[in-house]
Amino acid sequence: MARGQYASLSAVLQQGLGLLRTKSQTADALRALLAQRQAGGFVPAEEGHRTTQDMIARKRAESGP
């Protein structure tokens, strides 16, 4: 307010509440994603690496030299 960024104390509080709401929604989405990932099947690191390398090779072949 002192620097003129917000018109009133109410505007400051509304902005702060909006930021808290956004942060809370982001954390909730991350928790849901992690829960979904944990519920899925486990892929061993070696298999994940091999799958990634296969995908990279396929993408390079598709894009050409």
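The values are calculated or read from the model by the stated rules, or taken from the named source; none is laboratory data. Keep in mind the model is a prediction, meaning the values are calculated, not measured. Positions of Cβ are backbone-derived with ideal geometry, glycine not excepted, and every protein chain shown enters the neighbour counts.
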Long-range neighbours under 9 Å by Cβ, at least six apart or interchain, first residue aromatic (Phe, Trp, Tyr) within region 5-19, second in a helix (DSSP H, G or I) and surrounded by 10 or more Cβ atoms within 10 Å (Cβ to Cβ): TYR6/VAL12; TYR6/GLN14; TYR6/GLN15
Filtered residue count, region 39-65, keeping only those that are surrounded by fewer than 10 Cβ atoms within 10 Å (Cβ to Cβ) and part of a loop (DSSP other than H, G, I, E, B): 6
Hits in region 6-23 (condition: over 13 Å from the mean Cα position of the chain (by Cα), surrounded by 10 or more Cβ atoms within 10 Å (Cβ to Cβ) and of a type in the set (Ser, Thr, Tyr)): TYR6
In region 35-46, the residues that are under 24 Å from the mean Cα position of the chain (by Cα) and either of a type in the set (Gly, Ala, Ser) or modelled with pLDDT of 95 or more (or both): ALA35, ALA39, GLY40, GLY41, ALA45
